[in-house]
1. If you bin the C-alpha pair distances of the stretch 6-261 every 10 Å from 0, what whole percents do you get?
2. What does the charge dipole of the chain about its Cα centre add up to, to the nearest 20 debye, if the Cβ of each Lys and Arg holds +1 and the Cβ of each Asp and Glu holds -1?
3. For the stretch 194-246, what relative contact order do you get, as a whole percent, if you take Cα pairs closer than 8 Å and at least 6 residues apart?
4. Convert each backbone phi in the stretch 205-217 into a coupling constant with the Karplus relation 6.51 cos²θ - 1.76 cosθ + 1.60 (shift: θ = phi - 60°), then list the ³J(HN,Hα) values in order as whole Hz, x for Gly and Pro.
5. Roughly how far apart, in whole Å, are the Cα centres of the stretch 145-177 and the stretch 53-125?
6. Loop-only check: which trypsin sites (Lys or Arg not before Pro) in the stretch 1-70 are DSSP coil with at most 14 other Cβ within 10 angstrom?
7. Please work out whether the stretch 51-112 counts as rounded, prolate or oblate from its C-alpha gyration tensor, where a ≥ b ≥ c are the square roots of the eigenvalues and a/c under 1.5 means rounded, while otherwise a/b larger than b/c means prolate and anything else oblate?
8. Check each of the trypsin sites (Lys or Arg not before Pro) in the stretch 202-251 and keep only those in coil by DSSP with at most 14 other C-beta atoms within 10 angstrom; list them in order.
Amino acid sequence: MKKVTINDLVKWKQEGRKFATSTAYDASFAQLFESQGVPLLLVGDSLGMVLQGHSDTLPVTIDDIAYHTRCVRAGSPNTLLLADMPFMSFSTVEQACDNAAKLMRAGANMVKVEGGSWLVDTVKALTQRAVPVCAHLGLTPQSVNIFGGFKVQGREEEKAEQMVKEALELQKAGAQLLVLECIPSKLAARISETLDIPVIGIGAGNGTDGQILVMHDMFGISANYMPKFSKNFLAETGDMRSAVKLYLEEVESSAFPGEAHTIA
Ligand code: KIV
């Protein structure tokens, strides 16, 4: 696979070409994903749940993410590699810069931060220092204790308007990608149409530019539970490579996520 850059994703958005992405945490799966043509991989702090067996992502440390970023980079030299900034690793701008440096040195091409307007200065500082940033809005799992559980976000009109505003602010601050998690599909489609940067959805319907799945959900092997918006592609195909291929095809054709996997 040719090296993928953020410019490819922007071009695909402009062309209306949907793309499928996944989380990955180790070299073998990273290689499998790259060999099937997955353009972007995320070393997500979901590793706290699917690898470490915790009930949320809060115990994950920057060293955990840096370690898994090195593993994934070793297996997939050409994918665009996103690494998550874990809970409390970007509380101040200075701390964000120090920790982002660890992830970039581990092989990431971009870091992802969960949160809205309060991150504007952080996003500016990181991008000015040559660290590309992916923002993350909606059900941001690091805020599970504020939300009172893993709950759909943005249902109320006021909250939806606030999310559109924050997405624009983060784009203006320099964010080059946005992940929207667990929000009504109409709101996700509106944000995707409003922004110039590519928007990747998970549990956000098929109106976003790209999709992402936690790889354990894609294969139906998650330790905790299977989110309703996810789909077990391995069950349909019987082998992992075909499962990834089917996922890519279904996202490109907008067959996934269909109604059964969409939050209205
Ligand atoms: O940590 C993660 O895997 C994520 C995705 C769910 C987007 O943030």
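1. 8, 34, 41, 17, 1
2. Values: 24 positive and 30 negative charges, 103 e Å.
Dipole of the chain, to the nearest 20 debye: 500 debye.
3. Details: 55 pairs, mean separation 12.5, N = 53.
Relative CO of the stretch 194-246 lands at 24 percent.
4. For the stretch 205-217, the Karplus curve yields x, 9, x, 8, 6, x, 10, 9, 10, 5, 4, 5, 6 Hz.
5. 20 Å
6. Working: sites: K2, K3, K11, K13, R17, K18, R70; in loops: K2, K3, R17, K18.
Sites meeting the loop and neighbour criteria: K2, K3, R17.
7. Numbers: a/c = 2.29, a/b = 1.17, b/c = 1.96.
It comes out oblate by the Cα gyration axes.
8. Details: sites: K228, K231, R241, K245; in loops: K228, K231.
Taking the stretch 202-251 and a limit of 14 other Cβ atoms within 10 Å, the loop trypsin sites (Lys or Arg not before Pro) found are K228.
Quick note: the coordinates plus some simple rules give every number you see, no bench work behind them. Note that the structure is a prediction, hence the values are computed from the model and not measured. All Cβ positions, glycine included, derive from the backbone under ideal geometry; neighbour counts span all protein chains shown.
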